[in-house]
Amino acid sequence: MSESLKQRIEELNRKLASIKEKRDKLNLEARGWAEKRNSLHEQIKALRAEVADLKGKRDALNERVKELKNLRDQARVERGDKRTQILKLKEKLKRLTEKKPLRNMRDVESEIERLEWKIQTTSFPVHEEKLLIDQVRVLETQLSIHRQIQNLNTTFFELQTEEKALETRANLHHEKLSELAEQSQSFHEQMSKLLDKIDVLRAKADATHQKYVEIKQQAQTDRQEQTELLCQSKSLKQELRDVEEKKQAKRQRELRKDLVEKASEKLKRGEKLSWEEFKILAEKKKLQSLKTRKK
């Protein structure tokens, strides 16, 4: 029976060694998958930092583009106002030009000065003086038209200059915001590419983690089997010890019986007993005496 137990224990030990070797390989493989997964996570983390940086730059550009759009639109609105004023001024100039005297402004001014000097320095009959004064009034009306046209032309030139400046300002704002919008789009495209790369890496990381979990589960299953086998081995070893102890006890009893028989024979023959033989016979006699008393 003990040989059978030993064989079973050896068989269990072989299984345990095989399972341990398998578990060690699985744990080593699991560590490899974990390292690969962690490496992927680090790459994802780095890419996310790049995305955050690009997003910050893109958002700042978009904010600036928004400001420039407002400035451009404001300049266009102001230019539109100037254009409206210019058109109105053109109409007014057209009406005044139709009334424009044939004589130029300087001639009119000179004629007024001449007539006023003549009125102040010469005595005329009332009806003649009145004629001269009427001539001055007509000339002053003509001069007023000349001055209005002159002022309107000045205003017209100023409005045209302001309109051109506003148009230039609007165009500059538009060019700048277009340039920034292109940069923003470039950042957005870079972000999109990085996010696509992150998705790919995340899928790989998830698959790698799943592989790690599967292998760890296999290793855990082997560990449970190893624990069960260890329990079985421990139980068998205990059983083997019990068998060996029983065999040892049986051998001790057989040896003791043999010694008792030999010592009894020597005693019958009157031969001298050794201390061991005497001690064994004395213990046997004592045991028999105890058994007799119990009865």
### Summary
D199 and A249 label points (each 7 Å along its Cα→Cβ direction) are spaced in nm at 7.6 nm
### Summed side-chain charge close to V136 - residues other than V136 whose Cβ falls under 9 Å, Lys, Arg +1, Asp, Glu -1
-3
### Query
Mean 1/r over all different Cα pairs, inverted: what Kirkwood radius does segment 68-160 give, in Å?
16.1 Å
### Query
Roughly speaking, what is the stretch gain from K100 to K176, that is 0.36 nm per residue apart minus the C-alpha to C-alpha distance, in nm to one decimal?
22.7 nm
### Query
Under the Karplus relation 6.51 cos²θ - 1.76 cosθ + 1.60, θ = phi - 60°, what is the ordered set of whole-Hz ³J(HN,Hα) values for segment 230-245, x standing for Gly and Pro?
5, 5, 4, 4, 4, 5, 5, 5, 5, 4, 5, 4, 4, 5, 5, 5
## Note on the structure
Given (i) 61.6, 206; (ii) 24.5, 78; (iii) 18.3, 56 as possible values of Rg and Dmax of the Cα atoms in Å, the one from the coordinates is (i)
### Task
Could you calculate the contour length gain from L89 to F124, that is, 0.36 nm times the residue separation minus the distance between their Cα atoms, to one decimal place in nm?
8.2 nm
### Task
Would you calculate the separation in nanometres between label points at Q150 and K20, each defined as 7 Å from the Cα along the Cα-to-beta-carbon direction?
11.7 nm
### Summary
The lysines whose Cα lies under 19 Å from the Cα of K82, excluding any fewer than 8 residues away in the same chain, are K90, K92, K94, K164
### Task
Using R₀ = 25 Å, calculate the FRET efficiency as 1/(1 + (r/R₀)^6) where r is the Cβ-Cβ separation of S110 and T161; round to 0.05.
0.20
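All of the numbers you see were taken from the coordinates with simple rules; none came from a lab. Everything quoted here is computed from the prediction, not taken from an experiment. Neighbour counts run over all protein chains shown; Cβ positions are idealised from the backbone, glycine included.
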